[in-house]
Structures are given as C-alpha cells and as structure tokens.
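Readers should treat all values here as calculations from the given coordinates under stated rules, not as data from a laboratory. None of these values were measured; they are calculated from a predicted model. FYI the Cβ positions are ideal-geometry reconstructions off the backbone, even for glycines, and counts take in every protein chain you see.
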Amino acid sequence: MGVGYITPDREDISIAPAVSPFSTLRLNASLGVRRNNVSGDKLSTTRRLISSFGGSWQATGDLGFDLRYTNYSTTSADGLRRVTDTTRIENVSQSFSGGPRFSFGSEAMRHTMSLYLSHQKYDDRNIVSGALNNNTSSSGALNYSSMLGEYMLNGALSHTVSSATSYANTTTSISTGASKAYFEQKLNLGAVLTYSVTRSASATDAQFLPSFNATYQFSERDMFSF
C-alpha cells in the first residue's frame, strides 16, 4: 500500500506487550510506526501506523474464545517534491475477527467445533481515488474436526459478503474431508470436497472442487508431497 520495502531505507519502531493476568486469559497488543526515505533522497515519504489488540480466553477445559482487532493507516508526505492532494496516499484498513471454539466427546472420538467471524473495512481517503476504492467484507465460518480412530475428519461451512462502490457479491461454500496416516505416521493421505457458489448482480458462478494430497516422510529432513 505504497510503502517502499527497501531494507536499507526503512525505519521501524514498535512495541508488542503481552500479559496473562490469569492462567486462562492471555492478552497481547502491538503499536508501531514505519517510515521510508530515511536517507531523504526519494520524491516522497511514506509513513505507516500499525496497531493491534488480541486476546484468548479458555473459559473451561472445553470452551474458549479468541478475539483480534487491527488498524493500519498509511500516509504519504513530502520528500524531494511536494505531495499534492490528488497524489497523496492516505488510507485506513481495519479488521475485526474472533469467535468461540468448543471440544466435546470421548477419548475414542473427540470433536472440535469453532465459529469464526470477521469484518474488514478499507477506507481510501484520497480525494480522487477514495470514491472508487473503499470496500468492506464480512464473513462467517463454522468449522468441525474430529478424530475417529486413525482417521481425521473435518468439515466447514462459510459465507462471505463483499461490497464496494462498483460491485457487491456473496460467496457460500461447504467442504468436507478426511485424512489418515500409515506406516508409523510416515505416509499421510487426505482428500477434500468443496462446493461453492458466488452471486453478483450480473452472474452466478458455482464450483465443485475435489482435491487429494499425499505426503511421505523419508527422514527427519526429507519429505515428498503431492
């Protein structure tokens, strides 16, 4: 988003504290400032403010909650030349995500379910491009996994709504899969089936995607994957 990632010409100052006031609660945050054009020989200077906050709470042995919020802002300032209002980079990107997770069952068959919700918003504050680039996206996903003997089973159901000035669409997908290890955990085989439908004002697109994967661990350092 406009930051020149040139290692010798970039300055980062950040702090990232983390604390666990209780054995079941963990909180973390970060705050940082990044700028380029340290040497002062670029036409413009880009600055970025990065901040985030998150937490994880294990309410019981089987129930937990996760939460995270991020806010990134990018602005450009004068370098060798003056930055005008029409060429100035100024945007803010925010995201919120989190949800509960729950485990249940016996030792013979353990189940895990989680609900993941997220909302993202991009705000372009340039007077020229801002009217076209602003967009938002909201999504929810229900995930399931379980161990049945030597088999790992999983499934997911998700729904996403995205919108901007020139478009709006929704995507709904459902997937299921299984995997199993053989030969003392050296060979792992898995398969996943996914069906998704994307709808917009002009068209509807449906996709059915089967996939298969295999990995074989020859040694601690060597592995073949397909």
Over the residues of the stretch 152-226, compute the C-alpha Rg and express it relative to 2.2 N^0.38 Å. 1.58
For an R0 of 35 angstrom, estimate the FRET efficiency from the Cβ-Cβ distance between residue 29 and residue 85 and round to the nearest 0.05. 0.55
For residue 134, what charge total do you get from the other residues with a beta carbon under 11 Å from its beta carbon, if Lys and Arg give +1 and Asp and Glu give -1? 0
With point charges of +1 on the Cβ of Lys and Arg and -1 on the Cβ of Asp and Glu, referenced to the Cα centre of the chain, which listed residue (69, 219, 40) lies farthest in the positive direction of the dipole? 40
Can you tell me the order of 117-127, 213-223 when each peptide is scored by its average per-residue count of other Cβ atoms within 10 angstrom, highest first? 117-127, 213-223
Mean separation of Cα contacts under 8 Å (at least 6 apart) over the residue count of the stretch 36-93, i.e. the relative contact order in percent, is 37 percent
Stretched fully, the stretch from residue 96 through residue 144 gains (0.36 nm per residue minus C-alpha distance, one decimal, in nm) 15.1 nm
Relative contact order computed over the chain (Cα-Cα under 8 Å; 6+ residues apart), in percent: 10 percent
To the nearest 20 debye, what charge dipole does the stretch 170-225 have about its Cα centre, counting +1 at the Cβ of each Lys and Arg and -1 at the Cβ of each Asp and Glu? 120 debye
What is the percent of Cα-Cα separations in the chain that go past 22 Å? 70 percent
Taking the mean number of other Cβ atoms within 10 Å as a proxy for protection, how do you rank 84-90, 139-145 from highest to lowest? 139-145, 84-90
